[in-house]
Amino acid sequence: MTVDVILPCLDEEAALGWVLGRMPAGYRPLVVDNGSTDRSAEIARDLGAHVVHEPRRGFGAACHTGLLASTADVVCFMDADASLDPRQLPAVVAPVTGGHADLVLGARRPRTAGVWPWHARIGNAVLARTLRRRTGAPLHDLGPMRAAGRARLLDLGLTDRRFGYPCEMVLRAAAAGWKITEAEVDYLPRAGRSKVTGTVRGTLQAVSDMRRVMAELG
């Protein structure tokens, strides 16, 4: 079975070699260039990844363009910054392919000190607690590594194109009666500085987008 791995990408040339080089057999990388000004797209293409371009800036825009471009029955999402190890994708996919879950999120566990700044960790914990209360799903992290069936994801009709996309996915999946669970994955030092968790401003923007989605979906 082939699994498509959607990798939203904005200026990640320093990380792509490591990420793509650790992709498991049967996992097909699909890099979504979200307006990079470095050689990310060229490097990804040279390393054998399928590259699509999404000029509209936004995490959700890149993720959804990748979803539309994918063709496998099962798809994964993960960051392209080397903070997550592709070799752990099978553990996230297994509950989906085994019929035990419809959506699986990778619950990040930091492996070195300082890899998860306090502001990002607090914001994530608050959002995860809110989602547990609203959906009943046993989630402790809104992690970017996740797996689900492609056709069913498209049927959810996700509309957010910013940082609210991961939150909307969980809310709409829960409303549709999906079984949602999580699997532990390592959280590693990323290559370069994060656009989101690396700054208080980036974290606040992500939290704001997710809260907006929660309010819109009631």
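For the subset of segment 113-147 comprising residues that are hydrophobic (A, V, I, L, M, F, W, C) and over 21 Å from Ile180 (Cβ atoms), which member is farthest from the chain's Cα centre (by Cα)? It would help to see each step written out before you state the result.
Residues of segment 113-147 that are hydrophobic (A, V, I, L, M, F, W, C), as a first pass: 113, 115-116, 118, 120, 122, 125-128, 131, 137, 139, 142, 145, 147.
Filter again for over 21 Å from Ile180 (Cβ atoms), leaving 113, 115-116, 118, 120, 122.
On the way: Ala113: 22, Val115: 17, Trp116: 16, Trp118: 20, Ala120: 15, Ile122: 19 Å.
Across segment 113-147, the extreme among qualifying residues is Ala113.
Only one of Gly99, Gly114 is of a type outside the set (A, V, I, L, M), modelled with pLDDT under 95 and either farther than 26 Å from Asp160 by Cβ or assigned to a strand (DSSP E or B) (or both). Can you tell me which? Steps first, answer last, please.
Numbers: Gly99 fails: modelled with pLDDT under 95.
Just a single option satisfies the conditions, and that option is Gly114.
Which count do you get for residues in segment 13-44 that are farther than 18 Å from Arg87 by Cα and in contact with a Ser or Thr (Cβ under 8 Å, 6 or more places away or on another chain)?
3
What residue, among those in segment 43-62 that are more than 16 Å from the chain's Cα centre (by Cα), of a type in the set (A, V, I, L, M, F, W, C) and part of a helix (DSSP H, G or I), is surrounded by the fewest Cβ atoms within 10 Å (Cβ to Cβ)?
Looking at the filtered set, the residue picked out is Ile43.
Let's see how each residue does on (1) assigned to a loop (DSSP other than H, G, I, E, B); (2) without any contact (Cβ under 8 Å) to a residue 60 or more places away in the chain; (3) under 26 Å from Arg111 (Cα atoms):
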position	(1), (2), (3)
Pro8	no, no, yes
Gly17	no, yes, yes
Pro29	no, yes, yes
Val32	no, yes, no
Ser36	yes, yes, no
Ala41	no, yes, no
His64	no, no, no
Thr71	yes, no, no
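Looking at Ala137, is it modelled with pLDDT of 95 or more and part of a helix (DSSP H, G or I)? Can you show your working first?
Working: modelled with pLDDT of 95 or more: yes; part of a helix (DSSP H, G or I): no.
Here the answer is no, as Ala137 does not meet what is asked.
Is it true that Leu16 is in contact with a Cys (Cβ under 8 Å, 6 or more places away or on another chain) and within 24 Å of Phe163 (Cα to Cα)?
Details: in contact with a Cys (Cβ under 8 Å, 6 or more places away or on another chain): yes; within 24 Å of Phe163 (Cα to Cα): yes.
In short, yes.
The values are calculated or read from the model by the stated rules, or taken from the named source; none is laboratory data. Bear in mind the structure is a predicted one, so any value in this text is a computation, not a measurement. Quick reminder, even Gly has a Cβ in these numbers, built from the backbone with ideal geometry, and neighbours come from all protein chains shown.
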